[in-house]
Structure formats: structure tokens, C-alpha cells
Amino acid sequence: MLLSTILEAVSYVPGLAAIAAAVAVIGAAIGIGRIGQSAMEAMARQPEAAGRIQSGMIIAGALVEGATLFAIVVCLLAALG
């Protein structure tokens, strides 16, 4: 009984991994959008600091993208494994 339940649950893993990857991408898109929004507001308030703000924005965006890529790789490994 328990083995059949486990095997039945394993059949859902590829679908759940695809949903998890989609959620990770959506979360990253929202996060990068908020980073850009905050950076634009900060540059509008202090135009002389635009260079430093852009640098910080690019670094933060890259960190979000890196975490998203890691999440997608984990989801793919779960779906294939």
C-alpha cells in the first residue's frame, strides 16, 4: 500500500518540477521589475548618483538571475531524476 502510494506520487514529479520552475521565473521577473522600479525612483531623486545606482541595480539583477537559474536547474534535475 505504501509503496504504491510512493510510486503514484513519483509520477507527479515532472509536472510539479515544471510548475516550480515557472514560479521561480515569475518570482525573478517580479523581483527584477521591482529592482528596476526602485533604481529609477532613486535616480529621479538623485541624478548625480545615477552611476552608482545603476551598478548596484545590475549586481542585484545578476544575483536574482543566478538564483533563478539555480532553481531551474534543480527543477530540471528533479524532473529527470
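The values are calculated or read from the model by the stated rules, or taken from the named source; none is laboratory data. Please read these numbers as outputs of a predicted model, since none were measured by experiment. Cβ atoms come from the backbone with ideal geometry, glycine included; neighbour counts cover every protein chain shown. All accessible areas refer to the heavy atoms of the entire protein, side chains included, with ligands and DNA or RNA removed. Shrake-Rupley method; radii C 1.70, N 1.55, O 1.52, S 1.80 Å.
Could you check which residue among Ala21, Ala62, Ala49 shows the biggest mean-square fluctuation in a GNM of the chain with a 10 Å Cα cutoff?
Ala49
From the phi angles alone, apply the Karplus equation (6.51, -1.76, 1.60; θ = phi - 60°) to region 51-59 and give each ³J(HN,Hα) in whole Hz, x where the residue is Gly or Pro.
My calculation for region 51-59 gives x, 5, 5, 5, 4, x, 5, 5, 5 Hz in order.
On full extension of the chain, what length is gained from Arg52 through Ser11, given 0.36 nm per residue of separation minus the C-alpha to C-alpha distance?
Residue separation times 0.36 nm, minus the Cα-Cα distance, leaves 9.9 nm.
Give me the 1.4 Å probe accessible area per residue for the chain, excluding ligands and nucleic acids, in Å².
Working: 5950 Å² over 81 residues.
Accessible surface, normalised per residue, equals 73 Å².
Given points 7 Å out from each Cα along the Cα-Cβ axis, report the Ser38 to Ala78 separation in nanometres with one decimal.
My value for the distance between the label points is 2.7 nm.
Quick one: with all protein chains in place, what share of the accessible area of the chain is carbon or sulfur, to the nearest percent (1.4 Å probe)?
On the chain, the fraction of accessible area on carbon and sulfur atoms equals 74 percent.
Between Ala67 and Arg45, what FRET efficiency comes out of the Förster formula 1/(1 + (r/R0)^6) with R0 = 25 Å and r the beta carbon distance, rounded to 0.05? Please list the in-between numbers first.
Numbers: r = 28 Å, r/R0 = 1.13.
Efficiency, rounded to the nearest 0.05: 0.35.
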